[in-house]
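Below: one structure, written as structure tokens.
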Amino acid sequence: NEKMAAMGSLLAGVSHELNNPLAVVVAQSTLLHEFSSDPQTKARAEKVRAAAERCGRIVKSFLGMVRLHQATPVETDINQVVRSALEVTAYGARSTGISVDVEFADGSVLVSGDADHLTQVVANFLVNSQHALAAIQGDRRIKVRTFRTKSGLAAFSVEDNGPGIPASIRERIFESYFTTKPAGVGTGIGLSISRSIVERHNGKIWFEEVSTGGARFVVELPMIGGSAQADAATQAHGA
């Protein structure tokens with residue numbers, strides 16, 4: 001608790017320092033987009049602005065999570081959440097030669113929640129998989145999936161074909177500040193915060209061992225419409 005309180009105080013200062021330069025990036029990219037006559041430059045300026053605004057939201061939401069502020073839930077599509085996380089982590093996968101296979105559920109998979117918080121959960125899973133695969137040779141794969149459960153829940157999973165998680169430490173992986181990563185690579189709070197986010201969305205999060213090796217993390221969340229949404233998707237798929 002003392003460590004989390006200290007982290008909250010630290011992030012309050014960090015968020016203030018980051019928001020100032022981010023505001024400059026947003027303003028300058030907006031001006032570039034407005035006054036540039038080159039369509040390609042306009043498109044790039046818009047991407048810079050969108051990325052800077054997202055950085056600002058992440059700083060704000062991360063601070064809110066550490067301070068345990070309750071986010072205002074809105075209708076959120078899990079498919080879009082996963083797409084956003086894949087976009088954020090795409091460079092890391094491409095630069096290390098990791099292939100990412102994605103399987104989306106048909107239509108929209110709607111939950112009541114905070115899109116930025118849930119995106120951080122998926123992004124954390126993806127980054128952890130990338131780190132796990134960095135140490136192995138040969139084919140390296142990450143599989144991301146969104147789906148609806150038979151009981152009417154929204155779900156997503158991220159798995160990799162890395163070395164997996166030793167049985168001796170599996171019970172501790174969601175503890176704050178527990179990490180198996182080298183110094184300078186991990187902080188040990190990613191999975192702990194992910195669990196906090198999922199639980200505040202009235203969901204469940206767990207780890208599964210993959211039969212062929214590797215690790216799979218799964219999240220289930222209450223789905224808006226529940227079984228009705230699942231039935232509609234099933235009929236559309238059958239059609």
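The values are calculated or read from the model by the stated rules, or taken from the named source; none is laboratory data. As the structure is a prediction and not an experimental result, all values here were calculated from the model. When we count neighbours, we look across all protein chains shown, and the Cβ atoms used for this are built from the backbone with ideal geometry, even at glycine. The area values use the complete protein model at the heavy-atom level, side chains included, leaving out ligands, DNA and RNA. Shrake-Rupley method; radii C 1.70, N 1.55, O 1.52, S 1.80 Å.
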> All but one of (1) at pLDDT below 85; (2) under 25 Å from VAL102 (Cα atoms); (3) open to solvent by 70 Å² or more (accessible area, probe 1.4 Å); (4) in a helix (DSSP H, G or I) hold for SER168; which doesn't?
Replying inline: (2)
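Within segment 89-101, which residues are crowded, with 18+ Cβ neighbours inside 10 Å and under 15 Å from the mean Cα position of the chain (by Cα)? Break it down into steps so the answer makes sense when it comes.
Going residue by residue through segment 89-101, those that are crowded, with 18+ Cβ neighbours inside 10 Å are 89, 93, 98, 100.
Hits for segment 89-101 are THR89, ALA93, VAL100.
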>> The conditions are (1) over 17 Å from ARG216 (Cα atoms); (2) open to solvent by 30 Å² or more (accessible area, probe 1.4 Å), and PHE104 fails exactly one of them. Which is it?
In response: (1)
> Could you say whether any residue in segment 54-70 is at pLDDT 85 or above, under 17 Å from the mean Cα position of the chain (by Cα) and open to solvent by 50 Å² or more (accessible area, probe 1.4 Å)?
Replying inline: no
>> I'd like the full set of residues that are touching a strand residue (DSSP E or B) at 6+ places or on another chain (Cβ under 7 Å), modelled with pLDDT under 85 and of a type in the set (A, V, I, L, M), limited to segment 133-165.
In response: ILE165
> Out of the residues in segment 188-202 that are of a type in the set (Gly, Ala, Ser) and under 15 Å from the mean Cα position of the chain (by Cα), which is surrounded by the most Cβ atoms within 10 Å (Cβ to Cβ)?
Replying inline: SER194
